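Worksheet for the structure shown next.
Values in this text are rule-based calculations from the coordinates and carry no lab data. Computed from a predicted model, the values in this text were never measured in an experiment. Counting neighbours? That spans all protein chains shown, and the Cβs are built from the backbone with ideal geometry, glycine included.
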Amino acid sequence: MAGRKLTVGLRPEHLPAAGDGGQALSLRVDSVEMLGADNYVYGLLAGQNVVARLAHGHRPEPGSRLEVTVRAEALHLFDAETQRRIEHAAAEQASLAVS
């Protein structure tokens, strides 16, 4: 996989507030949508638009920073050229860094 461009996918429920282990990153909060038991936080993470699903009691303010956790096993990897999913066994052979 060396030299191959990847697209990374991450589900909102797999982007919890920091403190759950994994790699912590800072998300800039653009807006918060309150939906009953969940709050969906929309913002920018490493220059990309993302959505994080948080528990109802966790409501960051728009414009604030939210530390979120990214776990390698929650990432979905795709070949950027073919758009085909890369299975975890192949991904484990690669060195990936989140910046």
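What the table below lists for this structure:
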read-out	value
Per-residue HN-Hα couplings for segment 46-62 [Karplus 6.51, -1.76, 1.60; θ = phi - 60°; Hz; x = Gly/Pro]	6, x, 10, 5, 9, 10, 10, 9, 10, 5, 3, x, 9, 10, x, 7, x
Virtual spin-label span in nm between residue 7 and residue 49, 7 Å along Cα→Cβ	1.4 nm
Derived scalar couplings ³J(HN,Hα) [segment 65-80; Karplus, 6.51 cos²θ - 1.76 cosθ + 1.60; whole Hz; x for Gly, Pro]	9, 10, 7, 10, 10, 10, 9, 4, 5, 8, 6, 10, 9, 9, 5, 5
Backbone N within segment 49-91 under 18 Å of label point (7 Å from residue 23 Cα along the Cβ vector)	49-52, 66-80, 86-91
P(r) tail fraction, segment 6-90 - alpha-carbon pairs more than 21 Å apart, %	32 percent
For residue 18, residues with placed amide H under 5 Å, excluding near neighbours	67, 68, 69
Sequence-distant residues sharing a close amide H with residue 24 (under 5 Å, placed H)	70
